[in-house]
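> This is the structure, below, for whatever I ask next.
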Amino acid sequence: MPEQLATSPYDALLLLSFGGPEGPDDVVPFLENVTRGRGIPKERLKEVGKHYFLFGGVSPINEQNRALLDALRKDFAEHAVDLPVYWGNRNWAPYLTDTLREMVADGRRRIAVLATSAYASYSGCRQYRENLADALATLADEGLAVPRVDKLRHYFNHPGFVRPMVDGVLASLADLPEDVRAGAHLAFTTHSIPDAAADTSGPVEAHGEGGAYVAQHLDVARLIADAVREETGVEHPWELVYQSRSGAPHIPWLEPDICDHLETLHGAGVPAVVMAPIGFVSDHMEVLYDLDTEATAKAAELGLPVRRSATVGADPRFAAAVRDLLLERAATERGRAVERCSLGALGPSHDLCPVGCCPARAPRPAAAGADSPYA
């Protein structure tokens, strides 16, 4: 195999995602998995699950992961990258621990991991690492071989992630009525998280107001807005806003909420809005409900024309970006100097999450980092 296509030392890639229900009977058990340990009553979970029941109890995330798996395997085959790709979820089948058992049975011992979360935060990075550590501990308890897992770096500013979103915003602008298009506002959205979690996101040196989580999203939003200006000749005002808040109302979370933002823009006389969900890899439930249903209904109530741009999903350019990240990390692990592809002001992210990166409220073991119990 040519050096530039060598995947050694890795013998597999694991696509690690959140998971979602695939039928009405799955909704409450899925939410019990997500909220395990918080003592939330079943009746409350049924209320929380109403978003899923509106869509027949089916989250689109699993089907979208199947599409991404197909795209990755197709890209690898077309570029002579000989590496099997597996899939495991944190909260629903196929469960992460079951997938790791399968991988061990198949002889996989050095695994690269792609998480379907592009940014730094506890819920978007460290919690995945904690789940990996839990699964590896289970394998050890069962007397199975414990593979080494390496999580690929954050890819929020990789061209293969950014460029499809640029095209999505351009397509949404083009779909607006011509008389409101030039004055359209760009609302870049991501999942709201508690202020405290945002402030401690990323390495310790990145901690502060909003931490790495906000800084990374702002960098991506600026990249997309600049690209739109360059390609259309129009300077569209933009802002980073938030969606999908959950949790106790007395705890401060990142704001403004997208629906509140739409009201503010309407009051200011903005003629149209493109909602761009840059914080999400695919069109899963938060996008379908919070943007396509709730925010779109709010815009209709206001008489404000809106469009929602596409997420990256299984775009071939994203699959190519994953291949690039894999080969880059493999070469680094072999001691090669590699050029790390990134856009914007922040540069490429770290390979190994340092100690103190995106800390949990209660410390737990986390794999694939400098503090991993599994070297």
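The values are calculated or read from the model by the stated rules, or taken from the named source; none is laboratory data. Just so it is clear, the structure is predicted and the values come from calculations on it, not from any experiment. Backbone-built Cβ (ideal geometry, glycine too); neighbour counts: all protein chains shown.
> How many residues, within region 34-66, are within 21 Å of the chain's Cα centre (by Cα) and surrounded by fewer than 16 Cβ atoms within 10 Å (Cβ to Cβ)?
Going through region 34-66 one residue at a time, the tally reaches 3.
> Further question on the same structure: Against the condition modelled with pLDDT of 95 or more and more than 30 Å from residue 267 (Cα to Cα), how does residue 340 come out, does it pass?
Yes.
> Hey, another quick one. For region 102-117, how many residues meet the condition of being assigned to a loop (DSSP other than H, G, I, E, B) and over 22 Å from residue 279 (Cα atoms)?
Here the count works out to 4.
> I'd like to know if region 315-331 contains one or more residues that are part of a loop (DSSP other than H, G, I, E, B) and small (Gly, Ala, Ser).
So far as region 315-331 goes, no, none of its residues is part of a loop (DSSP other than H, G, I, E, B) and small (Gly, Ala, Ser).
> Select, from 281, 234, 273, 287, the only residue that is under 18 Å from residue 157 (Cα atoms), outside the structural domain of residue 75 (by TED's automatic domain parsing), hydrophobic (A, V, I, L, M, F, W, C) and modelled with pLDDT of 95 or more.
Every option except 281 fails the conditions.
> Does region 251-268 include one or more residues that are in the same structural domain as residue 175 (by TED's automatic domain parsing), free of Cβ contacts under 8 Å to residues at least 12 places away in the same chain and more than 30 Å from residue 47 (Cα to Cα)?
Yes, that holds for at least one residue.
> Take the residues in region 278-303 that are in a helix (DSSP H, G or I) and among the β-branched types (Val, Ile, Thr); name whichever of them is surrounded by the fewest Cβ atoms within 10 Å (Cβ to Cβ).
Taking the candidates together, the pick is 293.
> Among all residue pairs at least 6 apart or on different chains, which show Cβ distances below 6 Å where the first residue, located in region 146-174, is in contact (Cβ under 8 Å) with a residue 24 or more places away in the chain and more than 18 Å from residue 188 (Cβ to Cβ) and the second is part of a loop (DSSP other than H, G, I, E, B) and aromatic (Phe, Trp, Tyr)?
none
> Tell me which residues, restricted to region 50-61, are in contact (Cβ under 8 Å) with a residue 24 or more places away in the chain and within 13 Å of residue 31 (Cα to Cα).
Correct list: 51, 52, 53, 57, 58, 59.
> For region 130-172, give me the residue count where each residue is touching a strand residue (DSSP E or B) at 6+ places or on another chain (Cβ under 6 Å) and either part of a helix (DSSP H, G or I) or over 25 Å from residue 219 (Cα atoms) (or both).
Total satisfying the criteria: 7.
> Could you say whether any residue in region 312-332 is among the hydroxyl-bearing types (Ser, Thr, Tyr) and within 18 Å of the chain's Cα centre (by Cα)?
No, the conditions are met nowhere in region 312-332.
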